[in-house]
Amino acid sequence: MTNRFLCIFLTALFSISALSLSAQNKADRVVGKWLNEDGDAHVEITRSGDTFSGRLVWLKFPVDDETGKPKLDKKNQDDALKTRPIMGLEMLSGFTYDSDDDEWNDGKIYDPKSGKTYSCYMAFDKDGKLKIRGYIGISLIGRTDYWTSIK
């Protein structure tokens, strides 16, 4: 009887571990480098604990034409942040994976082209592109971009 109990216990433990790893692997699909829809920036998405964030790691035009120096966050609505470099800027923050909907939500996206921050969620489309939906208030009012993985 003890061996049978041990076998059942180990089988259940293994099944729970496999399910947990499967959910974690699905959540980590978003981790990596992504080319934005305009083709002028790469964003690297990373995971820290249960949250995901993304930093700008490449720009097609990294130098400001007016100054000849690296681009700054000139359009930021906060005057104190207007002198920070765009390169390395955290654009995505606070995302958590929702396994029921297979999407990353409750996040924010910062658009350095406008200087504005929006609520955001991410999900994969049927072609494997990363759908980035920034919105104000409800997700019906917003804009969607599709990013391509950089291998």
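The values are calculated or read from the model by the stated rules, or taken from the named source; none is laboratory data. Given the structure is predicted, the values throughout are model-derived calculations rather than measurements. Glycine gets a Cβ as well: all are built from the backbone with ideal geometry, and neighbour counts include every protein chain shown.
Scanning the stretch 122-146 for residues being farther than 24 Å from Lys74 by Cβ and without any contact (Cβ under 8 Å) to a residue 24 or more places away in the chain gives a total of 15.
When restricted to residues that are within 18 Å of Gly94 (Cβ to Cβ) and without any contact (Cβ under 8 Å) to a residue 24 or more places away in the chain, the stretch 46-69 contains 4. Just so you know, in the stretch 99-117 the residues that are assigned to a strand (DSSP E or B) and over 13 Å from the mean Cα position of the chain (by Cα) include one that is farthest from Gly137 (Cα to Cα), and it is Asp111. Taking the conditions (1) more than 18 Å from Leu56 (Cβ to Cβ); (2) surrounded by 12 or more Cβ atoms within 10 Å (Cβ to Cβ); (3) modelled with pLDDT of 95 or more; (4) not aromatic (Phe, Trp, Tyr) in turn, Gly142 satisfies each one other than (3). Filtering the stretch 24-45 to residues that are without any contact (Cβ under 8 Å) to a residue 40 or more places away in the chain, touching a Lys or Arg at 6+ places or on another chain (Cβ under 8 Å) and either buried (at least 16 other Cβ atoms within 10 Å of the Cβ) or not charged (D, E, K, R) (or both) leaves Val31, Gly39, Ala41, Glu44.
Looking at the stretch 141-151, which of its residues are assigned to a loop (DSSP other than H, G, I, E, B) and charged (D, E, K, R)? Listed by number, the list holds a single entry, Lys151.
Residue count for the stretch 128-140, restricted to those that are assigned to a loop (DSSP other than H, G, I, E, B) and under 18 Å from Lys33 (Cβ atoms): 2. Just so you know, in the stretch 81-98 the residues that are within 19 Å of Leu35 (Cβ to Cβ) and in a strand (DSSP E or B) include one that is farthest from the chain's Cα centre (by Cα), and it is Glu90.
Of Glu103, Glu90, all but one fail to be within 28 Å of Asn25 (Cβ to Cβ) and surrounded by fewer than 16 Cβ atoms within 10 Å (Cβ to Cβ); the exception is Glu90.
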